Amino acid sequence: MLRENQRRFKFDWLTIILFLLLVGFGYLNILSASHVGEITNYFDTSELYGKQLIFIGLTFVLIIFILSFEAKFYERFASIIYMVAILALVGLFIFGKDVNGARSWYGIGSMTIQPSEFAKFATALAVAKYISDLQTNMRTLKDQLRVTAIIFIPALLILLQNDAGSTIVYLAFFFVFYREGLQQVYLIIALSLIILAVVGLKFGVVATAVVATLVILATYLLRRKKRGSIFQYIIVLIISVGFSYGVKLFYEHGLKAHQQNRISLWLRLEKDPAKLERMKKEEAYNLIQSEQAISSGSWTGKGFLQGTRTTGKFVPEQETDYIFSTVGEEWGFLGSSFVVILFVLLIIRVLYLAESQKSQFSRVYGYGVASILFIHFTINTGMVMGLIPTVGIPLPFFSYGGSGLWGFTILLFIFVKLDSNKINEW
Amino acid sequence: MRKLLLFTTVILVGLVFIARLFYLQVYSSSAYDIFEDTAIRKEYNYPKRGYVYDRNGELLVANQPSYDVMVIPREVSPMDSLKLLEFCTLLKITKEDYDKKLRRATNYSPRLSSPFVQQLSKTDYAVLQEKMRKFEGFYIQKRSLRSYQTTIGANVLGSIGEVNRTIIGKQPYYRMGDLIGKQGVEKTYENTLRGVKGIKFIQKDRFNKNIGPYKEGIYDTLPKPGKDVTLTIDSELQAYGELLMTHKRGGIIALDPSSGEILAMVSGPSYNPNLLVGRERSRNFSKLYTDTIAKPLFDRGLKAQYPPGSPFKVINALIALQEDVVDTQERFKCRMGYYYGSRKLTGCHHHRSPVAMNDGIAQSCNAYFVNVYRRIIDKYDDAGKGMNIWANHAKSFGLGNFLNNDLSVGSKGRIPDGDYYDRAYGDNRWGSTYIVSNAIGQGEVEATPIQLANMAAAIGNRGYYYTPHIIKEIEGETLDSKYTTPKYTTIDKRHFEPVVQGMFDVYNKGTAATLRVPGIEIAGKTGTAENFMKIDSVTTQLTDHSIFVAFAPKDNPKIAIAVFVENGYWGSRFAGRMASLMIEKYIKGYVTRTDLERWILTHSLENEYAKPYSGEPFKINGETTLQVIDNYAIGNTNQSNIKQ
């Protein structure tokens, strides 16, 4: 009897409760964002909210299915799951269906499936499998390159399908690699490159060169004991300025017009008022509408189903990528902060559990889950409230769509299953 | 350390996001105002503005529909040149007009609607209505404009015009483009006449399409129609008064003494109220407004403040009786004026002497009234105290202060008191001889025609009056009690009879003997007031103003009247004739003294008014000749030269 109870409650219920809260609250907001006029039938499958309800129902079937497998199954079959996912991505080039210029969907009858949503957990499994291999040492360049290849393949395929947003998600694995032993210098280089890129675009290459020179000179002067050869510093300076210039060239010539405009809006680079006015009606339209909807929510929001901008469907894509604007308008500061806190709690909970895993596979996978959720949450919410340039990726558990919901559910619940098995590990 | 990177990043991102949400939703967001919410369309439904009737139920002011093109600048999307050309052609404006109007509207508010092109013609509206949908950010607002059923009474009725930002700032009910009463009855009874506009809140989608009522219409309101009002004005008498005033400047106020109702309120020159309707309104208004010589917008019946002249003598007679400083039999000598020692303080005309009160009034003897007035002031040891008591009596007739009634404009007039002269001459450095002009209604005393008419009503009523007012009835409301409560003067009723008899004798044997109307016992008093004007900063005397105050019948009067004609010379010349005609017209309904009527209609004072502006020296009073005009047409009361 006691063992029965232990078995039943061995899952991490806090994670499950956070998951249920997010899905439940997400459903309410999809209802708000997608309903037109009075709602007569909540199961009306011709409406998005009706479909989402069915997706949520199927999610529970999926959860039971995932939890019923042996935990070891996922580790053993990680490579095969990864291969299947890659094949599914490749298959898109032949059997895929174009939606909004991206070839990311399989059409099965009236249903569509987006394999990239499932490729994330598959890649996370493969990365965990590779890193947890006894022979792998993340400090060696060879393993660093191989594990990068594991994430590079799906990322490249997705990029080729014209879904740049989903590609960015794979940067999440940097956190995993760093946790598993990637040298600190990579972190410093990554941060430096980000700063160089942003500063270079915003203030120009000359300003960047001046600042970089000063910083490097200061480093040289401060490191009296082991400052090494001065040539090293000069090379770093040249690379920095060169990179900054390269980013500028890429921004001006390598990016598509709409991507360029998004960055230009984010960094407020555009000074021509006429062009700015036109951008407000085009690229910035979503962002402006979304910020206005969120702002109009004030402290407590306008109430469930009462948002005037949500009802008027002022924010395009408001049931998918921009669902957070509905939260902001109808539930106000209190409601939207609540959602932010739910996500932060969920990610921290997964991180905490990952750290407490005895098997490296479970830990790496857990880290992957937390990182992917984190990247999605940060980019999506940051974009909707105007902190990050527009990148079209969904908000986990919130955004409308079956593939997304199932992809994230599988991602999370494989970890819930792995976690529940830790008492059996040694 | 490695374990902490993602952990701290997550916490940091969470904090930044909450801070950003706080900034967006709490710090930079104002309280929700549905009028600022661009997702909600506000549709106003303007109620019918109340009709205006005269006392006999004749419709004076009705409504006509009008269509304005309104703009919400923020919702206007840029048009290509072809579409813009089509829009401008439909509205009959140029491309430059379009830019200018849009800029002006944006300047007022990008979010709120402003009028773009106002008062479209019906045909323009019909064409435009079909195509309006194409032009985002523009819509048509139906309003109701006034339609005057008469050409008279412009000063009484007033007009409605567009609200300005100051009004909107003070009264948030109004929105840009709304109409509000600007003068006359339209102004004083604005809230009654306008009703309350209805509003519909409509949920829009991002394509500016209506998708249904906001919250099932729980905040929507129906328009409440404005209430009809009935005025005390007798439009026939008003029209007759305006006819008589043609080619003259001045005012006529006729009251019903038994109720304080204003029967006629004429101001000359007048204008056709239809001039201030529709698209021509602003052009015509500025023409009227900038006519600073004839001042057609200046309501002389209510605002013009003149020395009342001789009619004021009857007040002094009444005060003297009340203060018991003279009885009706006491006679005073008149040697063609009043002498103080050897100094002549005031002149007089030729009449028999000595005179008691009755002849004093009937013959308008200046010397008699200076004597009486000095006795009132000198009754007390201190001239200041005497003056205050005198002023108090005079003010009880409604003089020297606003009447506090339902007319949109007015003047206080002036009844000086002791303080007034203390300020002018220094404390106690003056006496009754300094101020004898007040005895004969000159000097510091000033009054408006409506105050004089009210004074006549109070005398006719033997000691009380009702505040003169213009409202007779408001649909479904009772009249303000201040119009139905009599106000008593400080003079005992018994003192009125001899004074009324004196005024009656003005007609019988006195200064208005030629103006008698068969069958009507009129009590009246002529007046002549000296008239000065500054021409090139030199004070120059002009021809006197002609004044007449009367009530009739002598007992239980039905009408009290004050007539004031600028530069009309002596009282019975213009004002007296007009008063007699008005009284007869009102009481009998027709005029038998057609000789008086013909005289008034054929004599113009226009050349008299032109003199000070001619730049040449001119003669006044007895040395002038009257301008005679041959052609006059009864019914043509609109003498304004402004084309409609």
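None of the figures in this text is laboratory data; all of them are computed from the coordinates on show. Only a predicted model underlies this, so the values are computations on that prediction, with no experimental measurement involved. Every residue, glycine as well, gets a Cβ built from its backbone with ideal geometry; the counts of neighbours run over all protein chains shown.
Charges at C-beta only: +1 for Lys and Arg, -1 for Asp and Glu. How large is the resulting dipole of the range B:47-197 about its Cα centre, in Debye rounded to 20?
Its charge dipole is roughly 340 debye.
Does the range B:235-628 classify as rounded, prolate or oblate by the C-alpha gyration tensor (a ≥ b ≥ c root eigenvalues; a/c under 1.5 gives rounded; else a/b over b/c gives prolate, otherwise oblate)?
In terms of gyration-tensor shape, rounded.
Just want to confirm a number: the relative contact order over the range A:188-280, from Cα pairs under 8 angstrom separated by 6+ residues, in percent.
It rounds to 34 percent for the range A:188-280.
Sum -39500 (n - 2.57) across every DSSP H segment of at least 4 residues in chain B, then divide by the residue count to get the 222 nm mean residue ellipticity, nearest 500.
-9000 deg cm²/dmol
Under unit Cβ charges (Lys, Arg +1; Asp, Glu -1), what dipole magnitude, rounded to 20 debye, does chain A have relative to its Cα centre?
Value, rounded to 20: 1620 debye.
Which distance in Å, rounded to a whole number, links the C-alpha centroids of the range A:266-296 and the range A:173-250?
If you average the Cα positions of each part, the centres end up 32 Å apart.
Sort the following peptides by mean Cβ neighbour count (other Cβ atoms within 10 Å, averaged over residues), highest first: A:137-150, B:455-468, B:497-510.
My ranking of the peptides, most packed first, is B:455-468, B:497-510, A:137-150.
What full-extension length gain, to one decimal in nm, is calculated for B:THR123 and B:VAL196 as 0.36 nm per residue of separation minus the Cα-Cα distance?
Result for the pair: 23.4 nm of gain on full extension.
At 0.36 nm per residue, minus the direct Cα-Cα distance, what do A:LEU387 and A:ILE39 gain on full extension? Give it in nm, one decimal, please.
121.8 nm
Run the dipole for the protein assembly as shown about the Cα centre, Lys and Arg Cβ at +1, Asp and Glu Cβ at -1, nothing else charged, and hand back the magnitude in debye, nearest 20.
Here the size comes out at about 3040 debye.
Within the range B:101-123, which residues have the backbone N less than 20 Å from the label spot 7 Å out from B:ILE140 along Cα→beta-carbon, could you tell me?
B:113-123
Order of B:204-210, A:101-107 by packing, highest average Cβ count within 10 Å first?
A:101-107, B:204-210
Any idea what the relative contact order of chain B is, in percent, if you count C-alpha pairs under 8 Å spaced at least 6 apart?
Relative CO of chain B lands at 13 percent.
Over the protein assembly as shown, what per residue volume does the convex hull of the Cα atoms give, in whole Å³?
292
Tell me which lysines have Cα within less than 16 Å of A:LYS422's Cα, excluding those fewer than 8 residues away on the same chain?
A:LYS10, A:LYS72, A:LYS358
For the pair B:PHE35/A:TYR106, report the inter-label distance in nm, with labels modelled 7 Å from Cα in the Cβ direction.
Distance between the two pseudo-spin positions: 5.8 nm.
At A:LEU156 and A:ILE235, where each label point lies 7 Å from the Cα along Cα→Cβ, what is the point-to-point distance in nanometres?
2.8
On a 32 Å Cα-Cα criterion, which of the cross-link pairs A:LYS120/A:LYS275; B:LYS472/B:LYS554; A:LYS302/B:LYS209; B:LYS122/B:LYS248 come out too long?
A:LYS120/A:LYS275; B:LYS122/B:LYS248
Compute the distance from the alpha-carbon center of the range B:115-134 to that of the range B:462-492, in whole Å.
With the range B:115-134 and the range B:462-492 each reduced to a Cα centre, they are spaced 48 Å.
Students often get this wrong, so check it: of A:LYS281/B:LYS142; B:LYS48/B:LYS187; B:LYS170/B:LYS200; B:LYS385/B:LYS482, which have C-alpha atoms separated by over 25 Å?
Pairs exceeding the cut-off: A:LYS281/B:LYS142; B:LYS385/B:LYS482.
Go through A:LEU87, A:PHE374, A:ASN100 and say which Cα lies farthest out towards the positive end of the charge dipole of chain A; charges sit on Cβ, +1 for Lys and Arg, -1 for Asp and Glu.
Result: A:PHE374, furthest along the dipole toward the positive end.
How much FRET efficiency would the formula 1/(1 + (r/R0)^6) give for B:SER109 and A:LYS281, where r is the Cβ-Cβ distance and R0 is 22 Å, rounded to 0.05?
0.65
Please give the length that would be gained between A:PHE93 and A:ILE216 if that part of the chain were fully extended, namely 0.36 nm times their separation in residues minus their C-alpha to C-alpha distance (nm, one decimal).
Here the answer is 39.6 nm.
List the relative contact order of the range B:259-412 as a percent without decimals, with contacts defined as Cα pairs under 8 Å and 6+ residues apart.
Relative contact order of the range B:259-412: 19 percent.
Residues of the range B:355-384 with the amide nitrogen closer than 16 Å to a label point 7 Å from the Cα of B:ASN508, along Cα-to-Cβ, please.
Those under the cut-off are B:356-364.
What residues from the range B:266-293 fall in the zone where the backbone N is under 17 Å from a label point 7 Å along the Cα-to-C-beta line of B:ASN164?
The answer is B:281-291.
Which helices, counted as full DSSP H runs in chain B, have an axial Cα extent of no less than 24 Å and a Kyte-Doolittle average of -1.0 or above?
B:4-22
Quick one: Cα centre-to-centre distance for the range A:367-426 and the range B:257-313, in angstrom?
80
What FRET efficiency, computed as 1/(1 + (r/R0)^6) with R0 = 30 Å and r the Cβ-Cβ distance, is obtained for B:ASP536 and B:LEU626, rounded to the nearest 0.05?
0.70
Averaged across A:338-345, how many Cβ atoms of other chains sit within 10 Å of each residue's Cβ atom?
That average works out to 3.
What nm distance separates the two modelled labels at B:ASN392 and B:THR292, each placed 7 Å from Cα along Cα→Cβ?
For B:ASN392 paired with B:THR292, the spin-label model returns 4.4 nm.
Need one value for A:380-390: mean number of C-beta atoms belonging to other chains within 10 Å of its residues' C-beta atoms.
2
Between B:ASN208 and A:ILE188, what FRET efficiency comes out of the Förster formula 1/(1 + (r/R0)^6) with R0 = 41 Å and r the beta carbon distance, rounded to 0.05?
That pair, A:ILE188 with B:ASN208, gives E of 0.20.
Counting only complete DSSP H runs, which helices of chain A cover 18 Å or more along their long axis at the Cα atoms and score a mean Kyte-Doolittle of 1.0 or above?
Length and hydropathy pass: A:13-34, A:48-68, A:78-95, A:141-160, A:184-203, A:205-222, A:230-249, A:323-355, A:402-420.
In peptide A:310-317, what is the residue-averaged number of other protein chain Cβ atoms found within 10 Å of each Cβ?
Going residue by residue through A:310-317 and averaging, the value is 5.
By average Cβ neighbour count within 10 Å, what is the ranking of B:238-248, B:218-228 from highest down?
B:238-248, B:218-228
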